[in-house]
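Before any comments, here is the structure.
Read the figures in this text as sums done on the coordinates, not as results from a lab. No experiment lies behind these values; they were computed from the predicted model shown. Here the Cβ is made from the backbone with ideal geometry for all residues, glycine too, and neighbour counts use every protein chain on show.
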Amino acid sequence: MAEERLRIAIQKSGRLSDGSFELLKSCGLKVSRGRDKLYGRVQEMPIDVLLLRDDDIPAFVADNACDIGIVGQNVFEEELLSETHEAPAEEVMQLGFARCRLMLAAPKEWNFDGANDLASKRIATSYPALTKAWLEREGVEAKVVMMKGSVEVAPRLKIADAVCDIVSTGATLDANGLKPVATVFDSEAILIRNAEKFSAEKQAIFDALIKRINGVLRSKD
Ligand code: PRP
Ligand code: MG
Ligand code: ZN
């Protein structure tokens, strides 16, 4: 019988990528990457690594293409709220890196005075479900404009009045003449898993990995 291997999805490149590789390394796992660079194998444990776009990771894990994944809570929560899967992936644990905030931001010259100022305005975002949920909580009706990237440019192009996007250092907002005005969601990297029961063999690999991750996180406290 072929050896069972646990498949983990991590971000190919971007804010989570380095931290994800670093975590695996701290767990004593070295990823040897194939020439296509989208698939890697771990030598020390029966684990395969898939390198994906972060936005695809929740669906890949939900659909069983991967067993587990490392993704931003923001991306995971957006997927949960948009209810595209009957059995979505499940959050296992927070990983303590790639901390950021999903924030509403407005042009610096806007004398912003609270959520009500957004009434009947247009908000550009890659996170429409999280943004709409926040607007609903605040009791504000606004139009949400979906953009897959370069969201911060929308106000200057008059596509939107404000944006709702990820803020880490704040440099991107600043460079685009925007200022943060409200926090919609606090985020960090999380580990997610497929909702179905693993085989005994896979569960054992999973347990061993979790033990190593917990060891790494504890040593950082
Ligand atoms: C976010 C956001 C900005 C950047 C902000 O992108 O869309 O581009 O980070 O970071 P800063 O506050 O440090 O300038 P993200 O890394 O999530 O990448 P993606 O949108 O391409 O997936
Ligand atoms: Mg992305
Ligand atoms: Zn799917």
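Could you work out the relative contact order of the chain, using alpha carbon pairs under 8 angstrom and six or more residues apart, expressed as a whole percent?
Rounded, it is 27 percent for the chain.
With +1 on each Lys and Arg Cβ and -1 on each Asp and Glu Cβ, how big is the dipole of the stretch 106-215 about its Cα centre, in debye rounded to the nearest 20?
On the way: 15 positive and 15 negative charges, 71 e Å.
Roughly 340 debye, rounded to the nearest 20.
Helix-only arithmetic for the chain: the sum of -39500 (n - 2.57) across DSSP H runs with n ≥ 4, divided by the residue total, places the mean residue ellipticity at 222 nm at -8500 deg cm²/dmol.
Take the Cα of GLU201, go 7 Å toward its beta carbon, and the backbone nitrogen atoms of the stretch 1-26 under 11 Å from that spot belong to 1-6.
Sort out for me the Cα centre separation of the stretch 140-191 from the stretch 95-138, rounded to whole Å. Their Cα centres are 7 Å away from one another. Residues in the stretch 14-24 carry Karplus couplings, in order, of x, 4, 8, 4, 4, x, 5, 4, 4, 4, 4 Hz; the curve used is 6.51 cos²θ - 1.76 cosθ + 1.60 with θ = phi - 60°, and Gly or Pro positions show x.
What is the projected area of the convex hull of the Cα atoms of the stretch 1-98, averaged over all directions, in nm²? Mind dumping the intermediate values first?
Details: hull surface 27.5 nm².
That works out to 6.9 nm², a quarter of the Cα hull's surface.
Within the listed set LYS108, LYS132, LYS179, the residue fluctuating most in the Gaussian network model of the chain (springs between alpha-carbon atoms under 10 angstrom) is LYS108. Between ILE159, THR131, ALA119, the Cα set farthest toward the positive side of the dipole of the stretch 100-187 (charges on each charged residue's Cβ, about the Cα centre) is that of ILE159. Mean-square fluctuations from a GNM of the chain, with a 10 angstrom spring cutoff on Cα atoms, peak among GLY177, GLY69, GLY149 at GLY149. Between ARG15 and ASN111, the simple label model (points 7 Å from Cα in the Cβ direction) yields a spacing of 3.2 nm.
Let me know the shape class of the stretch 100-187, please: from the alpha-carbon gyration tensor, a ≥ b ≥ c as square roots of the eigenvalues, rounded when a/c is under 1.5, otherwise prolate if a/b is greater than b/c, or oblate. Rounded is the answer for the stretch 100-187, as its axis ratio a/c remains below 1.5. Bridging of LYS179 to lysines at a Cα separation below 26 Å is possible for LYS108, LYS121, LYS132, LYS143, LYS148, LYS158, once same-chain residues fewer than 8 apart are set aside. Here each label is just a point 7 Å from Cα along the line to Cβ, and for GLU22 and LYS211 those points are 2.6 nm apart. Ranked by the mean number of other Cβ atoms within 10 Å of their residues, highest first, the peptides 204-212, 180-188 come out as 180-188, 204-212.
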